[in-house]
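Here is the structure we will look at, set down as structure tokens.
The values are calculated or read from the model by the stated rules, or taken from the named source; none is laboratory data. This one's a predicted model, so the numbers in the text were calculated from it and none came from an experiment. Using ideal geometry, Cβ is built from the backbone for each residue, glycine included, and neighbour counts are taken over all protein chains shown. Accessible surface is based on the protein model in full, side chains and every heavy atom, while ligands, DNA and RNA are left aside. Shrake-Rupley method; radii C 1.70, N 1.55, O 1.52, S 1.80 Å.
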Amino acid sequence: MRALTLVADRKLELVDLASPAAPAAGEVQIAVKAVALNHLDLWGYRGMAFAKRKMPVVVGVEAAGEIAAVGSGTSGLRPGEPVVMYGALTCGTCKACREGRDNLCENVAGIMGFHVDGFARDLVNIPARLVIPVPAGVKLGDAACAPIAFATVQHMLFDNAKLESGESVLVHAGGSGIGTVAIKMAKAIGCTVITTVGDDAKAEKAKELGADHVINYRTDRFEGAVRKLTGKKGVDVVFEHVGAETFNGSLLCLKRGGRLVTCGATSGPSTTINLMQLFQQQYRIIGSFGASMRNIRESLAKMASGLLPVIDTEVPLADFERGLERLESRRVFGKIIVTF
Ligand SMILES: [Zn+2]
């Protein structure tokens, strides 16, 4: 079978690997049909000195496929069924896992496609408990965006920031994979959405997604624009993932008692914050990473009701690297899908 492996920093190789054995008890075998690209793929591709992993490693952190075979003790799943997979090898037995807080598993054995072999291959065996059926009518290319892009945003906005109908939210990088999802999810419950983009073409597209106000952060200071748009009050929630370049400005955009939720630091990991401002304004700063199995089900349900991902490009498996370059260049609007 085909498998796309990372053999060294910034070096991918499409290789022919032996197909996996028949699935063991409690496992299913998935025929992968679509992989969606994320910044996590980029971090892995560029190399992270402190990441514990061995190369070569099969890439691909987020995917959808069809069940090819089922092991014993996997009732409820049948060959041919469309599914998505939870991409972290959780233990399934610790307190966090038992309580459905999968992304806080105490014994996680790694993120697939980053620490351990991932989904960019024709066939993969995986524990059946990490597999989630795709509802009828949802295309696999769209479903591939559920486990990370959709579920991460679902977890950030609703579990963590407790975003409610009628509130205002600032979504950074509205053209990014998760930015496009955040705009759509917030608009779907009746929020006022302000978003930032890096060029005017993206501004038009963000408006088409429903954003109420779009700020070009290259020509306008977003902090000032948000304060002006909200009559100096600020927003209820800031959706952060840009990091060093924007974090302090993001805090200035919050209303008293506002919530900032962050899942990334693409522009750099460190900043200083004013603690007086933090407690006097009663801000809540919430870190968020990954999502729960429940969040993936919620995401697929939203897709089934018509809230679909914005697809920037589709590329074949052999062009995975071209997809990563497009993601890295920030020319992207929405998600890049790798098809099989
Ligand atoms: Zn666990």
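Counting heavy atoms of the protein chains alone, MET55 has an accessible area of about 80 Å² for a 1.4 Å probe. Computed over protein heavy atoms with a 1.4 Å probe, the carbon and sulfur contribution to the accessible area of segment 2-93 reaches 56%. For segment 252-316, trypsin sites (Lys or Arg not before Pro) are listed when DSSP marks them as loop and at most 15 other Cβ atoms sit within 10 Å of their Cβ; the list is empty.
Note on exposure: GLU245, GLU99 ranked by accessible area (1.4 Å probe, complete protein assembly) read GLU245, GLU99, with the most exposed listed first.
These residues, PHE289, PHE50, PHE114, go from largest to smallest accessible area, 1.4 Å probe, as PHE50, PHE289, PHE114.
Considering only protein heavy atoms, with the full assembly of protein chains and a 1.4 angstrom probe, order LEU17, LEU104, LEU254, LEU278 by accessible area, largest first.
The most accessible residue leads, giving LEU104, LEU17, LEU278, LEU254.
Estimated at the nearest 10 Å², the accessible area of SER305 is 100 Å² with a 1.4 Å probe.
Oblate is the label for segment 184-240, because a/c, from the alpha-carbon gyration tensor with a ≥ b ≥ c as root eigenvalues, is 1.5 or above and a/b does not exceed b/c. Just so you know, the Rg over Rh for segment 25-147 is 0.96, from Cα atoms, with Rh as the Kirkwood radius.
Rg ratio for segment 128-235: its Cα radius of gyration over 2.2 N^0.38 Å, N being its residue count, equals 1.17.
Across segment 204-220, computed HN-Hα scalar couplings (Karplus, 6.51 cos²θ - 1.76 cosθ + 1.60, θ = phi - 60°) run 4, 5, 5, 5, 4, 6, x, 4, 6, 9, 10, 10, 7, 6, 7, 10, 9 Hz from first to last residue, x flagging Gly and Pro. Surface exposure of the chain, expressed per residue as accessible area with a 1.4 Å probe, stands at 43 Å². With N counted as the residues of the chain, its alpha-carbon radius of gyration over 2.2 N^0.38 Å works out to 0.99. Shown here are the Rg and Dmax of the Cα trace of segment 102-184, at 15.3, 45 Å. With the full set of protein chains in place, find how many percent of the accessible area of segment 170-219 is carbon and sulfur; take the probe as 1.4 Å. Answer for segment 170-219 is 48 percent, counting heavy atoms of protein chains only.
Its DSSP H runs of at least 4 residues, each contributing -39,500 (n - 2.57), put the calculated 222 nm mean residue ellipticity of the chain at -6000 deg cm²/dmol, to the nearest 500. Any chance you could check the Cα centroid distance between segment 129-160 and segment 209-238 for me, in angstrom? Distance between centres, Cα-based: 28 Å.
Within the chain, DSSP assigns beta bridges of which about 55% are antiparallel (rounded to the nearest 5). For ILE215, the residues whose amide H sits under 5 Å from its own are THR195, THR196, VAL197, ignoring neighbours fewer than 5 places away on the same chain, with H placed 1.01 Å from N.
Give me the distance between the Cα centres of segment 175-192 and segment 1-39, rounded to whole Å. Here the answer is 31 Å between Cα centres. Taking amide H positions as modeled 1.01 Å from N, with prolines and chain starts lacking one, the residues under 5 Å from LEU260 and 5 or more places away or on another chain are VAL238, ARG284, ILE285, ILE286.
Compute the label zone of LEU14 within segment 320-340: residues whose backbone N is under 19 Å from the point 7 Å along Cα-to-Cβ. Under 19 Å, as judged by backbone N against the label point of LEU14, lie 320-327, 336-340 of segment 320-340. The accessible area of THR266, taken with all protein chains in place and a 1.4 Å probe, comes to roughly 60 Å².
Dividing the radius of gyration of the alpha carbons in segment 183-327 by their Kirkwood radius gives 0.98 for Rg/Rh.
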